[in-house]
Amino acid sequence: MSKIAVVGSINTDFVVRAARFPAPGETLLGESFAVYGGGNGANQAIAAARLGATVEFFGAAGRDPQSIERVQQFVADGVGTTNIITFDGFGGIAMIQVEESSGQNAITLVPGANLLLTPDLVTTRLEAWTRPGDLLCLQLEVPLETVAATLALKERFGMTAILNAAPFDARLSELLSLVDHLIVNEIEAGQLLGGGSISRDDAAAAGARLLASGVRTTAIITLGRYGAVLVDLEGHLMIPAPTVPVVDTTGAGDAFVGAFCAALSRGMDTRDAARSAVIAGSLSVQKPGAQPSLPTSSELAASFSLSD
């Protein structure tokens, strides 16, 4: 089994649920408030670890009580924490509004300590940890310079890079040739291709364009309740998602990425890994909160069997 190095963000999510999103300037009474662990990197690391993968996290945390809790959650879920650097001040903070009627969310992010994760802090530690054949999982909630340096390093060590290009950064196009598996949603796919959000009908063509733009092996576009489209050198595969009750979509994309990485680490081929990831995403939307909703191996196995 391959190990997974996740280089990414650690956030605390402050979640307010209300019947609908407020209009600009409007004060709206909410229905509930909760605090959860979050951050694309942290969520993906925990998602993979809960599915049985060996995961090490490379990131930055603050000294505030929330950051301390985030690291404790890593330990509880079996994610390695030796390579987390702690800084004075606050870790990342996300203010999340969830619309009860749809389960959709709106997020405002303050990166905090995540912005202090410079390239040298990651590359020196990754050099000491990694072995050929390991997986590298990246997102874009840490400085792009750090992502670029890490991708360059993986070339030397024979790692496989999985990049979740969120949030979008226009400079990313220069790095796609170092990415083995690209995972984006329909909005990020459109941004990478210089346009608006991609429709379900256009997803396969968009994935082919992303693959042609330099991505080495696989381009995957997630489509929410419609599942995902995978494009590789053999063509494209539409993977429908099961119909499930939606409580909260926060973290669904991270559940997908983490499950995809976990499946690859077990030697599963990319198409079956993507099928597994779609099921993991559908499980996550049925519970509130990003990290609390990430499925376990037994939950995924049960749902995957039902989908066959």
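Read-outs: derived from the displayed coordinates by stated rules, not from any lab. Not measured: the values here are computed from a predicted model. Using ideal geometry, Cβ is built from the backbone for each residue, glycine included, and neighbour counts are taken over all protein chains shown.
Summary of computed values
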| read-out | value |
| --- | --- |
| GluC sites (Glu not before Pro) restricted to region 1-104 and DSSP loop, no more than 15 other C-beta within 10 Å | 26, 31, 100 |
| Anisotropy class of region 71-228 from Cα gyration tensor, a/c 1.5 cut | oblate |
| Theoretical ellipticity at 222 nm over the chain - DSSP helices of four or more residues, -39500 (n - 2.57) apiece, nearest 500 | -10500 deg cm²/dmol |
| Enclosed volume per residue, in Å³, of the convex hull spanned by Cα atoms of the chain | 128 Å³ |
| Dipole magnitude (debye, nearest 20) for the chain, charges at Cβ of Lys, Arg, Asp, Glu | 380 debye |
| Region 1-62: trypsin sites (Lys or Arg not before Pro) in DSSP coil with no more than 16 other Cβ atoms inside 10 Å | 20 |
| Within-10-Å neighbourhood charge of residue 281 [Cβ basis; K, R +1; D, E -1] | 0 |
| Cβ-placed point charges (K, R +1; D, E -1), dipole of region 168-215 about Cα centre in debye, nearest 20 | 80 debye |
| J(HN,Hα) series, region 213-223, from Karplus relation 6.51 cos²θ - 1.76 cosθ + 1.60, nearest Hz, glycine and proline x | 7, x, 4, 6, 10, 9, 10, 10, 10, 7, 10 |
| Among 160, 82, 250: highest mean-square fluctuation, GNM of the chain, C-alpha pairs under 10 Å | 82 |
| Rounded Å value of the spacing that divides the Cα centres of region 127-172 and region 245-294 | 20 Å |
| Size of charge dipole - region 160-242 - debye, nearest 20, with Cβ of Lys, Arg +1 and Asp, Glu -1, no other charges | 80 debye |
| Simple spin-label estimate for residue 174 and residue 268 in nanometres, 7 Å along Cα-Cβ | 3.6 nm |
